[in-house]
Amino acid sequence: SAYLEDAIVSVIGQTYPEWELVVIDNGSTDGSQSIIKKYLNNKKIRAFLHPTNMCICKRMNEGIAAASGDFISILYSDDYYLPEKFNKQVKVMQELSPECGVAYSPGYQLDVSTQKLEIVKSIESSGEVLKVLFTDFFRGYINPISPLIRKECLLRYPFDEEIFTEGEAIFFRIAMKYKFAYIDEPLVVMRTHDNNARYAGKQNAEYFATGLNKLGRHVDFPGDMTSYYRRFKGIIFRNNAWQNIRLGTDSQWVRNMLYQSVHSDWRQICHHK
């Protein structure tokens, strides 16, 4: 609730006029619903105020189904958009063919405790980006609130409701069939603070690992990406194991991650870690 109003205002303040805001409250108990209700006199804002907390992926899919526009942009309640985001991304998408499903850009990271603002690294690739996602992921990821996404992409590849939350993993599926467009300008701000869900390391690693295992079995997965996919999986699982060795005590989970790492890419057994 401390940041929610900033998120809402950042959408209202967009220079692109044809927007709608679908607000989904996932059973919050911190006063967020009272803040949301202050804005419901705006006809461009709709809210779904749920009494209980459920899978975030389910809530995402509800919001996508409720949206009436051709494009979707996701915003978490503790982050915000810069005023030109929609304007610049819609312009790019309107100039490209429908096979381009995503326009994305880098973003800023705002440290709440120090107020330090810095650019977060992103991949910088346009066109077919699945290979780049596999090979350059550790140099910079796609900020999950940065992209403007064709609604048809998220109807074809909805969020996986068997996983509590997917985050940036959704873009691996979209990249199987759609091209991406990179805009070299930060258009969003993500806050870092003590309550960020991104700090739930092992839990988030499990969500990502589950989605990654499913990706290679997807009917749309291109066969010529298999070697890049398996190597990427090997590195991800190896890193998961190493992080938990350093920070945790679940030795069985570590062994499972190491097994999956080597099973995906035998070369990982030679890695010094």
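The values are calculated or read from the model by the stated rules, or taken from the named source; none is laboratory data. Predicted model only: the values in this text are computed from it and were never measured. As a convention, Cβ positions derive from the backbone with ideal geometry for all residues, glycine included, and neighbour counts pool all protein chains shown. Please note that ligands, DNA and RNA were not included when accessible areas were found on the heavy atoms of the full protein model with its side chains. Shrake-Rupley method; radii C 1.70, N 1.55, O 1.52, S 1.80 Å.
Results for (1) within 30 Å of VAL92 (Cβ to Cβ); (2) touching a residue at least 40 places away in the same chain (Cβ under 8 Å), shown as yes or no for each residue.
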| site | (1), (2) |
| --- | --- |
| PHE172 | yes, yes |
| ASP184 | yes, yes |
| HIS218 | yes, yes |
| ILE236 | no, no |
| ALA241 | no, no |
| TRP253 | no, yes |
| HIS263 | no, no |
| ARG267 | no, no |
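Within segment 16-29, can you find the residues that are more than 17 Å from GLY63 (Cα to Cα) and surrounded by 12 or more Cβ atoms within 10 Å (Cβ to Cβ)?
The initial filter retains those residues of segment 16-29 that are more than 17 Å from GLY63 (Cα to Cα), namely 16-18, 29.
Within segment 16-29, just TYR16 meets the criteria.
Mind checking which residues of segment 50-83 are part of a strand (DSSP E or B) and either in contact (Cβ under 8 Å) with a residue 60 or more places away in the chain or open to solvent by 60 Å² or more (accessible area, probe 1.4 Å) (or both)?
PHE71, ILE72, TYR80, TYR81
Kindly indicate whether any position in segment 238-248 is modelled with pLDDT of 95 or more and exposed (fewer than 13 other Cβ atoms within 10 Å of the Cβ).
The initial filter retains those residues of segment 238-248 that are modelled with pLDDT of 95 or more, namely none.
Within segment 238-248, not a single residue is modelled with pLDDT of 95 or more and exposed (fewer than 13 other Cβ atoms within 10 Å of the Cβ).
Looking at THR210, is it of a type outside the set (D, E, K, R), part of a loop (DSSP other than H, G, I, E, B) and either open to solvent by 80 Å² or more (accessible area, probe 1.4 Å) or under 29 Å from TYR76 (Cα atoms) (or both)?
In short, no.
Check PHE86 against each of (1) within 27 Å of TYR207 (Cα to Cα); (2) open to solvent by less than 50 Å² (accessible area, probe 1.4 Å); (3) in contact with a helix residue (DSSP H, G or I) (Cβ under 9 Å, 6 or more places away or on another chain); (4) part of a helix (DSSP H, G or I) and name the one condition it does not meet.
Only one criterion in (1) within 27 Å of TYR207 (Cα to Cα); (2) open to solvent by less than 50 Å² (accessible area, probe 1.4 Å); (3) in contact with a helix residue (DSSP H, G or I) (Cβ under 9 Å, 6 or more places away or on another chain); (4) part of a helix (DSSP H, G or I) is unmet by PHE86, namely (1).
Under 6 Å by Cβ, and 6 or more places apart or on different chains, what pairs join a residue from segment 110-138 that is in contact (Cβ under 8 Å) with a residue 60 or more places away in the chain with one that is assigned to a helix (DSSP H, G or I) and of a type in the set (A, V, I, L, M)?
LEU130/MET225
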